[in-house]
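The values are calculated or read from the model by the stated rules, or taken from the named source; none is laboratory data. Since we're looking at a predicted model, the values are computed, not measured. Heads up, the Cβs are rebuilt from the backbone with ideal geometry, glycines too, and the neighbour counts pull from every protein chain shown.
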Amino acid sequence: MQTFIEKNPKLSLLIGLLLAVFLLGSSIKAFREARFAGSGLNATNTIVVNGVGEIERSPDTAKISFSVRTEKKDLKAGQDEVSGKIDTIKKELLGLGIEEKYIKTDSYTSYPQYDYPASRCYSSYCPPVTPVLRGYEVNHSITISIKDLDKVEGVLDLLAKNTVTDMSGPNFGFEDDEAIVREARDMAISDAKNEAEKLASSLGVKLVRIVSFSENGGGYPAPMYARDAMSMAGAKAESANPVIPVGDKKVSSNVTIVYEIR
């Protein structure tokens, strides 16, 4: 008695063809996956290489943050005083050549401020006290990005003359920190690859694929702070402009790559 497949040879051929296509697809997928770092079967023979990338470059941006803060019994009076000071500072910054798009508000807050009368206790009982509204604190914080570093000292002097409440900076860095970090990382990866090729040649083996990759340290460049020639805002207006040396800034990346070998 003939089986169903024997009675239908075309169906048998079609099943065989589909099975061959499936096996071919599975093989191609496995081959492709083996090319990616850390995928596929566990590697038994490996080498570990390190790479370093360093970029030393002059900063192209300086950032200075400052606040204007006041406390008044009336909230509107406090807001008006702070707004007036900020408006004056902004006009002077524009006059100094700082573009408006580089003068950015970080925060604007207003909070009630209370006094708490001393509580008179009787034996072990201390009756609750009612806080007394003292007034309102208004605070406006701004960060200035300075593209022309020759203007840093002038901005510091301007803020000091306007007796801002708090100031930090200048912090020297780059307009696009991510681009600098990527550039340093690419250099480190290239360094590691060259080292791997040299080591494989010395060992008489071939590099198969990357098993793992990690970046140690490096990353985004830390802000470079200028030495404060002016300790705090509120320095006397007649004092000379602070001298701010800039210098170069180093961004580094350290990578570790594990290669499978055979």
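Being surrounded by 15 or more Cβ atoms within 10 Å (Cβ to Cβ), among the aliphatic types (A, V, I, L, M) and closer than 30 Å to residue 52 by Cα is a property that residue 188 has.
Can you tell which of 192, 200 is more than 24 Å from residue 67 (Cβ to Cβ), of a type in the set (A, V, I, L, M), at pLDDT 95 or above and touching a Phe, Trp or Tyr at 6+ places or on another chain (Cβ under 8 Å)? Spell out how you get there, then give the answer.
Details: 192 fails: touching a Phe, Trp or Tyr at 6+ places or on another chain (Cβ under 8 Å).
Answer to the selection: 200.
If a residue has to be of a type in the set (A, V, I, L, M) and without any contact (Cβ under 8 Å) to a residue 40 or more places away in the chain to count, how many in region 39-96 make the cut? Looking only at that region, the number is 3. Take the conditions (1) at pLDDT 90 or above; (2) of a type in the set (Ser, Thr, Tyr); (3) exposed (fewer than 13 other Cβ atoms within 10 Å of the Cβ); residue 102 misses just one of them, which is (3). Restricting attention to region 125-163, the residues being outside any strand (DSSP E or B), of a type in the set (S, T, N, Q) and within 23 Å of the chain's Cα centre (by Cα) number 0.
The rows are residues; the columns are (1) crowded, with 16+ Cβ neighbours inside 10 Å; (2) modelled with pLDDT of 90 or more; (3) touching a Phe, Trp or Tyr at 6+ places or on another chain (Cβ under 6 Å).
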position	(1), (2), (3)
231	no, no, no
237	no, no, no
252	yes, yes, no
256	no, yes, no
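Yes or no: region 77-90 includes at least one residue that is more than 30 Å from residue 261 (Cα to Cα), outside the structural domain of residue 182 (by TED's automatic domain parsing), touching a strand residue (DSSP E or B) at 6+ places or on another chain (Cβ under 7 Å) and basic (Lys, Arg). Before the answer, list the steps.
Quick first cut of region 77-90, residues more than 30 Å from residue 261 (Cα to Cα) only: 77-90.
Now restrict to residues that are outside the structural domain of residue 182 (by TED's automatic domain parsing): 77-90.
Within this subset, residues satisfying the condition of being touching a strand residue (DSSP E or B) at 6+ places or on another chain (Cβ under 7 Å) are 78-79, 81-82, 85-86, 90.
Still in the list and also basic (Lys, Arg): 85, 90.
Within region 77-90 (the criterion being more than 30 Å from residue 261 (Cα to Cα), outside the structural domain of residue 182 (by TED's automatic domain parsing), touching a strand residue (DSSP E or B) at 6+ places or on another chain (Cβ under 7 Å) and basic (Lys, Arg)), the answer is yes, since at least one residue qualifies.
Checking each residue in region 78-99 for being surrounded by 15 or more Cβ atoms within 10 Å (Cβ to Cβ) and out of contact with any helix residue (DSSP H, G or I) (no Cβ under 9 Å at 6 or more places or on another chain) picks out 78, 79, 81, 82, 85, 86.
Report yes if some residue within region 161-169 is modelled with pLDDT under 90, closer than 30 Å to residue 71 by Cβ and not assigned by TED's automatic domain parsing to the domain that holds residue 98; otherwise report no. Looking through region 161-169, none of the residues is modelled with pLDDT under 90, closer than 30 Å to residue 71 by Cβ and not assigned by TED's automatic domain parsing to the domain that holds residue 98.
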